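Below is one structure, written out as structure tokens; the observations come after it.
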């Protein structure tokens with residue numbers, strides 16, 4: 001954040017001694033309708049009267065429990081190791097000042113200052129009754145190299161099941177502790193155990209000991225293809241909304257839908273799935289794409305209300321009187337349509353919900369992929385989060401995640417545990433002579449193999465949840 005905010009109130013005199021700047025977790029509703037979580041302090045300045053006006057004052061991050069009591073100094077350290085030969089990242093975390101319970105932890109691309117998307121999801125870290133995390137180790141496999149944009153470790157306020165609501169960061173997404181990870185040839189380090197909480201940041205300090213071997217590089221004579229790929233949540237795309245004398249139109253450009261599927265589209269209110277404006281239905285083509293404009297069935301009596309969002313549902317759910325609960329499930333939201341001028345593009349954020357409509361967490365994953373032309377085998381090892389517990393069909397198709405084609409190899413269903421996680425599940429396909437000329441991709445579906453087709457046609461549960469394009473060339477990793 002870089003900018004100036006103005007006072008809503010005026011002072012009758014000078015700032016009183018000891019006055020401080022306070023930043024809260026969210027918009028807490030004033031004194032009459034307080035959202036206690038949003039009202040939690042997250043950072044204070046020092047005494048604003050301790051130096052001349054116009055002086056800079058550092059912010060001091062804080063953490064409080066649900067009763068508003070301080071949980072102590074937010075601080076921590078992480079022993080970090082990247083082994084390019086084994087293609088593994090291992091982190092061992094110690095931390096203090098947390099609320100007891102589970103905390104989501106991710107490795108993101110970017111830096112603590114310039115944050116990017118999560119690329120590796122760690123199993124939640126657990127703080128004991130005193131708010132401490134003690135020597136908890138997590139290992140990620142199939143890491144071929146650090147991202148060119150850098151990477152960093154984030155520890156969040158909430159657990160993996162609570163940090164997203166309808167695909168958007170919830171209050172509990174708040175980064176509590178963060179460190180930039182080393183991205184040079186020397187990649188073993190320990191972050192300092194000190195006051196290192198967000199938003200101030202924590203630097204990583206690599207040791208002088210380098211890894212035992214360097215990453216292997218492709219050999220022109222070795223046609224083996226081996227790679228670590230990121231599974232992207234589906235669908236993806238953008239919407240642009242126009243309003244003319246109450247008539248609403250929405251330009252929709254989306255991929256990653258079930259080929260030939262038909263969807264209810266609506267504009268809904270802030271924090272709600274109740275429609276403000278119903279839109280014409282959205283129909284995907286044979287490759288799972290939509291490119292076109294839908295018109296509003298309803299008209300607006302005024303401007304779009306603050307927080308209004310575009311919502312795409314899983315199917316045609318029958319309105320309010322004859323609801324098909326599965327078809328009514330949200331699959332993607334836009335951001336706040338009033339946060340930029342009309343006609344601006346807004347990205348879609350995929351979401352996953354359980355049969356009761358509750359978010360199952362952040363849809364994300366990765367796959368270690370290897371094609372061995374000598375053995376004529378393809379092997380994939382999948383990790384994923386944010387799924388409904390149970391079995392999920394997985395296929396390798398010809399084409400790409402954007403321009404979907406027919407399935408060419410069927411994997412045995414992958415099983416998400418009671419927390420919605422798939423952990424190191426490996427599938428091997430035999431008799432693979434070569435990658436298809438049109439490319440190939442891995443799709444993980446909402447339903448299992450017995451439910452995704454009805455009379456040979458894709459059912460609602462065919463929905464692609466996670467997808468990645470697979471490499472067609474490369475060397476052994």
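Here, each number is a calculation from the coordinates, and none is a lab measurement. Computed from a predicted structure; not experimentally measured. Note: ideal-geometry Cβ built from the backbone for every residue, glycine included; neighbour counts use all protein chains shown.
Using only Cα atoms, what is the ratio of the radius of gyration of the stretch 328-427 to 2.2 N^0.38 Å? Mind showing how you got there, number by number?
Working: Rg = 17.1 Å, N = 100, 2.2 N^0.38 = 12.7 Å.
Against the empirical 2.2 N^0.38 Å value, I get 1.35 for the stretch 328-427.
With 13 Å as the cut-off, how large is the P(r) tail for the stretch 269-331, expressed as percent of Cα-Cα pairs? Could the numbers behind the result be given before it?
Details: 1364 of 1953 pairs.
The calculated P(r) of the stretch 269-331 puts 70 percent of pairs beyond 13 Å.
For residue 9 and residue 130 in one chain, what is 0.36 nm times their gap in residues minus the Cα-Cα distance, to one decimal in nm? Please list the in-between numbers first.
On the way: separation 121, 0.36 × 121 = 43.56 nm, distance 3.96 nm.
In short, 39.6 nm is gained.
So for the pair residue 418, residue 402, with labels modelled 7 Å out along Cα→Cβ, what separation do we get in nm?
4.2
Give me the tail of P(r) for the stretch 50-121 as a percent: Cα-Cα pairs with distance above 20 Å. Numbers along the way, then the final one.
Values: 1400 of 2556 pairs.
More than 20 Å apart: 55 percent of the Cα pairs in the stretch 50-121.
In whole Å, what are the extents of the stretch 5-159 along the principal axes defined by its C-alpha atoms, from largest to smallest?
That works out to 66, 35, 27 Å along the principal axes.
Could you list 371, 317 so that the one with the fewest beta carbons within 10 Å of its beta carbon is first and the one with the most is last?
317, 371
For the stretch 77-186, state the average projected area of the convex hull of the C-alpha atoms over all orientations, rounded to one decimal in nm².
Numbers: hull surface 27.4 nm².
So the mean shadow area of the Cα hull is 6.9 nm².
For the stretch 233-360, report the convex hull volume of the alpha-carbon atoms normalised per residue, in Å³, without decimals. All intermediate terms of the calculation are to be shown ahead of the outcome.
On the way: hull volume 12.4 nm³, N = 128.
For the stretch 233-360, the hull spanned by Cα atoms encloses 97 Å³ per residue.
Quick one: what Rg and Dmax do you get for the chain from the alpha carbons, in Å?
My reading of the Cα-based Rg and Dmax gives 24.5, 82 Å.
What is the distance in Å between the Cα centroid of the stretch 247-272 and that of the stretch 101-120?
29
Which of the three applies to the stretch 364-470, rounded, prolate or oblate, going by the alpha-carbon gyration tensor with a ≥ b ≥ c and a/c under 1.5 meaning rounded? It would help to have the intermediate numbers written out before the result.
On the way: a/c = 1.80, a/b = 1.26, b/c = 1.42.
Judged from the Cα gyration tensor, the stretch 364-470 comes out oblate (a/c at least 1.5, b/c at or above a/b).
Could I have the simple spin-label model distance between residue 244 and residue 295, label points 7 Å from Cα toward Cβ, reported in nm to one decimal?
Taking the two extended label points, one gets 1.0 nm.
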